[in-house]
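See structure below.
The values are calculated or read from the model by the stated rules, or taken from the named source; none is laboratory data. Just so it is clear, the structure is predicted and the values come from calculations on it, not from any experiment. Here Cβ is always computed from backbone atoms with ideal geometry, including for glycine, and neighbour counts include all displayed protein chains. Each accessible area value is taken on the protein alone, full model and side chains, heavy atoms only, with ligands, DNA and RNA left out. Shrake-Rupley method; radii C 1.70, N 1.55, O 1.52, S 1.80 Å.
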Amino acid sequence: MGKASDAGVNLQDIMAARRRIAPYVVRTPTVLAKGLKERVGAEVALKLDSLQHTGSFKLRGATNRMLRLSPAEREAGVVACSTGNHGRAVAEAARRLGIPAKITLSELVPENKLAGIRAHGAETIIHGRSQDEAFEEAHRLVREEGMTLIDTFDHPDVIAGQGTAGLELLEDMPDIDTLLVPLSGGGLMAGIAVAAKAANPNIRVIGISMERGPAMIESLRAGKPVQVEEQSSLADSLGGGIGLDNRWSFPLVRALGDDFILLSEDEIAAGMTHLYWHEQLVAEGASAVGIGALLSGKVKPRDGGTIATVVSGCNVDMATFTRVVAGDAY
Ligand SMILES: *Cc1c(COP(=O)(O)O)cnc(C)c1O
């Protein structure tokens, strides 16, 4: 197993990120799940980054990345291409730091997502009829207007920022022995794994994705970044590719991940339903996969060990959420 420091992000980077972003992010709480010990046979801790500003941990990485820009780069502004939590986070971090921001989106973006991003003050640019075309527009802004693209996961400053959630978690619960992390592009898992393994190399770090289009897990199987077909899922924040030219998150996840698990839509729904009815938490599908994995029996606790999972976000389409927690077809 390679040392994390060889791969571009180490504990010092995450500790520095924590000091840097502290004025801008919530130091979120870790709570013990009330309704899981009996069913799972172990204590389960929930790191509630669903309580983060903008409703997801993505504010951590985006803020750290922007605070590391030079004055000239800040003045030229930042650009991102995301309809979801990353778009909101970049918009909010830029607003707080006084950096001009443009979020490029395709014509297909739903009105409520557009409103979610505009509410944080960023300029939205509607371009093309697909995510690829919207991305091309972002790259044009980088080339022609000197803006900086804020990557969703594949940048050391973003990974270090996401890792601050791991530092906080280990501080609150030093005796954790298994960590369940929602996994898409791998910024969250990479950062948290670096922090957790520095505290205790024996902690198991397990990445969890949905069966419907798990780009990182398919890439790990192939031994290199591969493209997967995008499919709709309750865990919509886990969709999308990892980038065929992935440089940082793929090697870190490969080096530090101990196991990887895929969940069906029903298992994700069970996680959301549990969090709502037993823990009084509104969680989006992506953030309920740790609980879904425990309830499905796909993750087994070690004897006497404490398990923790990151409840990573709460931005969920309310109509879907209502159907899921009511036990209706979704
Ligand atoms: C982005 C996101 C993830 C996955 O993070 P990666 O760094 O892409 O692996 C998980 N949960 C939520 C709520 C997210 O927004």
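Candidates in region 199-208 are the residues that are in contact (Cβ under 8 Å) with a residue 40 or more places away in the chain and in contact with an Asp or Glu (Cβ under 9 Å, 6 or more places away or on another chain); of these, the one that is nearest to the ligand (Cβ to nearest atom) is GLY207. The condition of being assigned to a helix (DSSP H, G or I), closer than 13 Å to LEU256 by Cα and β-branched (Val, Ile, Thr) holds for VAL194.
Might you check whether a residue that is among the aliphatic types (A, V, I, L, M) and over 24 Å from ILE176 (Cβ atoms) occurs anywhere in region 23-36? Looking through region 23-36, none of the residues is among the aliphatic types (A, V, I, L, M) and over 24 Å from ILE176 (Cβ atoms).
The residues listed here are LEU36, LEU46; of these, the one that is of a type in the set (A, V, I, L, M), touching a strand residue (DSSP E or B) at 6+ places or on another chain (Cβ under 7 Å) and at pLDDT below 95 is LEU36. I need the full set of residues from region 154-181 which are open to solvent by 10 Å² or more (accessible area, probe 1.4 Å) and either within 12 Å of the ligand (Cβ to nearest atom) or under 21 Å from ARG247 (Cα atoms) (or both), in order please. Answer for region 154-181, where residues must be open to solvent by 10 Å² or more (accessible area, probe 1.4 Å) and either within 12 Å of the ligand (Cβ to nearest atom) or under 21 Å from ARG247 (Cα atoms) (or both): ASP154, HIS155, PRO156, ASP157.
Here's the yes/no breakdown for (1) open to solvent by less than 10 Å² (accessible area, probe 1.4 Å); (2) more than 14 Å from PHE250 (Cα to Cα); (3) not hydrophobic (A, V, I, L, M, F, W, C):
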| position | (1), (2), (3) |
| --- | --- |
| GLY187 | yes, no, yes |
| GLY191 | yes, no, yes |
| PRO201 | no, yes, yes |
| VAL205 | yes, yes, no |
| MET216 | yes, no, no |
| LYS224 | no, no, yes |
| GLU229 | no, yes, yes |
| LEU234 | no, yes, no |
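Collect the residues in region 299-313 that are within 21 Å of the chain's Cα centre (by Cα) and either more than 13 Å from SER237 (Cβ to Cβ) or open to solvent by 40 Å² or more (accessible area, probe 1.4 Å) (or both), keeping them in residue-number order. Step through it out loud before you land on a result.
First, pick out the residues of region 299-313 that are within 21 Å of the chain's Cα centre (by Cα): 299, 307-313.
Result: VAL299, ILE307, ALA308, THR309.
Residue by residue, here is whether (1) within 16 Å of the ligand (Cβ to nearest atom); (2) open to solvent by 40 Å² or more (accessible area, probe 1.4 Å); (3) free of Cβ contacts under 8 Å to residues at least 12 places away in the same chain; (4) closer than 27 Å to ALA115 by Cα holds:
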site	(1), (2), (3), (4)
VAL25	yes, no, no, yes
LEU36	no, no, no, no
GLU43	no, yes, no, no
LYS58	yes, no, no, yes
GLY61	yes, no, no, yes
SER70	no, yes, yes, no
ARG74	no, yes, no, yes
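Would it be correct to say that ALA134 is in contact (Cβ under 8 Å) with a residue 24 or more places away in the chain and over 22 Å from SER50 (Cα atoms)?
For ALA134, the condition - in contact (Cβ under 8 Å) with a residue 24 or more places away in the chain and over 22 Å from SER50 (Cα atoms) - is met.
Within region 127-150, take every residue that is open to solvent by less than 50 Å² (accessible area, probe 1.4 Å) and not in a helix (DSSP H, G or I) and give me the one that is farthest from the ligand (Cβ to nearest atom). So the residue we want is GLY146.
Residue pairs whose Cβ atoms lie under 6 Å apart, separated by 6 or more positions or on different chains, with the first residue in region 240-251 and more than 18 Å from PHE135 (Cβ to Cβ) and the second more than 14 Å from the ligand (Cβ to nearest atom), are TRP248/GLY8; PRO251/ALA7.
When each of ALA222, ALA196, ALA269, ALA255 is tested for being away from the ligand (no atom under 11 Å from the Cβ), in contact with a Leu (Cβ under 8 Å, 6 or more places away or on another chain) and either outside the structural domain of VAL9 (by TED's automatic domain parsing) or more than 21 Å from GLY84 (Cα to Cα) (or both), the lone residue that passes is ALA196.
Against the test of being within 13 Å of the ligand (Cβ to nearest atom), buried (at least 17 other Cβ atoms within 10 Å of the Cβ), of a type in the set (A, V, I, L, M) and not in a helix (DSSP H, G or I), the options ALA283, ALA288 yield a single qualifying residue, ALA283. Among the residues of region 305-330, the ones that are in a loop (DSSP other than H, G, I, E, B), over 21 Å from SER184 (Cα atoms) and touching a residue at least 40 places away in the same chain (Cβ under 8 Å) come to 3 in all. Residues in region 238-247 that are within 12 Å of the ligand (Cβ to nearest atom) and either surrounded by fewer than 23 Cβ atoms within 10 Å (Cβ to Cβ) or of a type in the set (Val, Ile, Thr) (or both): GLY239, GLY240, GLY241, ILE242, GLY243, ASN246.
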